[in-house]
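Enquirer: Here it is, the structure, as structure tokens.
The values are calculated or read from the model by the stated rules, or taken from the named source; none is laboratory data. Note that this is a predicted model, so its numbers are computed, not measured. Methodologically, a virtual Cβ is constructed for each residue, glycine included, from the backbone with ideal geometry; neighbour enumeration extends over all protein chains shown. To get the accessible areas, we keep the full protein, side chains included, count just its heavy atoms, and leave off ligands, DNA and RNA. Shrake-Rupley method; radii C 1.70, N 1.55, O 1.52, S 1.80 Å.
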Amino acid sequence: LPEAARSFIGKLWPHAQEAARSTGIAPHFILGQAALESGWGRGEIRMADGSASHNLFGIKATKGWSGPTAEVLTTEYVNGTAVKTVEKFRAYGSYAEGFKDYANLLAANPRYAQVLNERTDPAAFARGLQQAGYATDPNYAEKLTRVITGSIMRSGLTG
């Protein structure tokens, strides 16, 4: 693995473990999703002043969100076509807060109930997220499975 990926795993593994304790989802799966969504941290959503949003999961600031936000240009897929659009994303004070909110989102939203049952199969977990509408990318499940099985689980850094 490249050093940036090794550093990402080492820095965030404890947060993934904490989110795993509250959701039952394997920490490898959680960290894989953070890696995919943020480009191993290189594409982390940034605040207007350039500071970190600590949002590694691409969680949007929907109507119910009252915390800080970051507006960024992102790619959404509409009817299979990639479209660039500016969206508001949630921002957090720390990575611990970001991982906790991710865990709460999956645990509290009924559309992710089936995903919480996928505890051993990375491909089933990824398909479940895609089917529940987590991302608009039609290849999301395939990409997430590849990150989890090809990088996170083989890294030797996650115990």
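Enquirer: Report ³J(HN,Hα) in whole Hz for each residue of region 57-67, in order, from the Karplus equation J = 6.51 cos²θ - 1.76 cosθ + 1.60 where θ = phi - 60°; Gly and Pro get x.
Expert: Karplus values, whole Hz, x for Gly and Pro: 10, x, 7, 6, 8, 7, 3, x, 8, 10, x.
Enquirer: Would you mind getting me the FRET efficiency between residue 83 and residue 143? Use the beta-carbon distance for r and R0 = 30 Å, nearest 0.05. Intermediate results must be reported in sequence, preceding the final value.
Expert: Numbers: r = 18 Å, r/R0 = 0.61.
The value I calculate is 0.95.
Enquirer: Near the amide H of residue 72, under 5 Å away, which other amide H atoms are found, from residues 5 or more places off or on another chain, if H is placed in the peptide plane?
Expert: 87, 89
Enquirer: Then there is this: Output ³J(HN,Hα) for region 99-114: one whole-Hz value per residue in order, computed from phi by the Karplus curve 6.51 cos²θ - 1.76 cosθ + 1.60 with θ = phi - 60°, and x for Gly and Pro.
Expert: 5, 5, 5, 4, 4, 5, 4, 5, 6, 8, 8, x, 5, 9, 4, 5
Enquirer: When only C-alpha pairs under 8 Å and at least 6 residues apart count, what is the relative contact order of region 24-102, in percent? Spell out each step's value before the answer.
Expert: Working: 118 pairs, mean separation 21.2, N = 79.
The normalised contact order for region 24-102 reaches 27 percent.
Enquirer: Taking all protein chains in place and a 1.4 Å probe, what share, in percent, of the accessible surface of region 1-128 do carbon and sulfur account for? Present the calculation step by step, with values, prior to reporting the outcome.
Expert: Numbers: 3280 of 6520 Å².
Result for region 1-128: 50 percent of the exposed heavy-atom area is carbon or sulfur.
Enquirer: Taking R0 as 25 Å, what FRET efficiency do you get between residue 11 and residue 120 from their Cβ-Cβ distance, rounded to the nearest 0.05? Walk me through the numbers on the way to the answer.
Expert: On the way: r = 26 Å, r/R0 = 1.02.
About 0.45, to the nearest 0.05.
Enquirer: Something else about it: Under a 1.4 Å probe, what is the accessible area of region 17-85 per residue, stated in Å²?
Expert: Values: 3540 Å² over 69 residues.
Spelled out: the 1.4 Å probe surface of region 17-85, per residue, equals 51 Å².
Enquirer: Report relative contact order for the chain in percent, whole number only (criteria: Cα-Cα under 8 Å, sequence separation at least 6). Don't skip to the answer; put the middle values down first.
Expert: Values: 238 pairs, mean separation 40.7, N = 159.
Once normalised by length, the contact order is 26 percent.
Enquirer: How about residue 100: which lysines have a C-alpha closer than 16 Å to its C-alpha, ignoring those fewer than 8 places off in the same chain?
Expert: Answer for residue 100, where 16 Å is the Cα cut-off: 11, 60, listed by chain and number.
Enquirer: Roughly speaking, what % of Cα-Cα pairs in the chain are separated by over 22 Å, rounded to a whole number? Mind showing how you got there, number by number?
Expert: Values: 4800 of 12561 pairs.
Result for the distance tail: 38 percent.
Enquirer: Pick from 66, 38, 53 the residue whose mean-square fluctuation is largest in a GNM of the chain, springs joining Cα atoms under 10 Å.
Expert: 66
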